[in-house]
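See structure below.
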Amino acid sequence: MADLDQEGYESRWKLDLAELARAVAGGARLFADGGMVTDYQDVFDREEAAIMADFVRANRDAPPAAMFNQLTMKKRYPRTIPNAADELVLSLFHSACLAGIQFEEAQAAEAAAKAEKEPAGGWPGEQAMKPADAPFAPTGFSPR
C-alpha cells in the first residue's frame, strides 16, 4: 500500500496506452512462465513501455520485433535474440497497442460525430422563437 501512496493519486488511476500494453505483457510473461500468480513481474518498466508504444503508434504495420529493436537502440541495450516466451510477450504487447490505438480512434470519431450533430447555436429554445407556417396555412399547393 505504501507504493501506491508514493506514486500519487493521478498515476494510480490513469491508464494510458503504454501502461495497458505493459500490463498485457506482464500477463503474457506470467502465462509463459507457467502461470504462478506469486511470480508476477513487470516485463518492461514505464519508460520502456512508452518507447515501444510510441513506436507502434508511429509504425502500425511494423512487426513486433521491430518494436523491440527500437527499444534496444533507444536504451542502448545489448542485442539479444528473443525466445518463444519473449516473442509471445512482444506480440501481445504489440497487439494491445494496436487495439488501444483503434479504441482511441473510435472514441475520437464518436466525439467528432456527436459534436457535428449538436446545433451550433445557443440554447434549444432558439428554434421556438422562429416563426413557422401554421399547419393548414396555404402554401401554394392546389388540390386541383
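The values are calculated or read from the model by the stated rules, or taken from the named source; none is laboratory data. Not measured: the values here are computed from a predicted model. Heads up, the Cβs are rebuilt from the backbone with ideal geometry, glycines too, and the neighbour counts pull from every protein chain shown. Each accessible area value is taken on the protein alone, full model and side chains, heavy atoms only, with ligands, DNA and RNA left out. Shrake-Rupley method; radii C 1.70, N 1.55, O 1.52, S 1.80 Å.
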Ranked from highest to lowest mean number of other Cβ atoms within 10 Å per residue, what is the order of the peptides 73-86, 46-59?
46-59, 73-86
Under a 1.4 Å probe, counting only protein heavy atoms, residue 110 has an accessible area in Å², nearest 10, of 130 Å²
With 0.36 nm assigned to each residue of separation and the Cα-Cα distance removed, residue 58 to residue 80 gains 5.6 nm
Segment residue 42-residue 73, length gained on full extension (0.36 nm per residue, minus Cα span):
9.1 nm
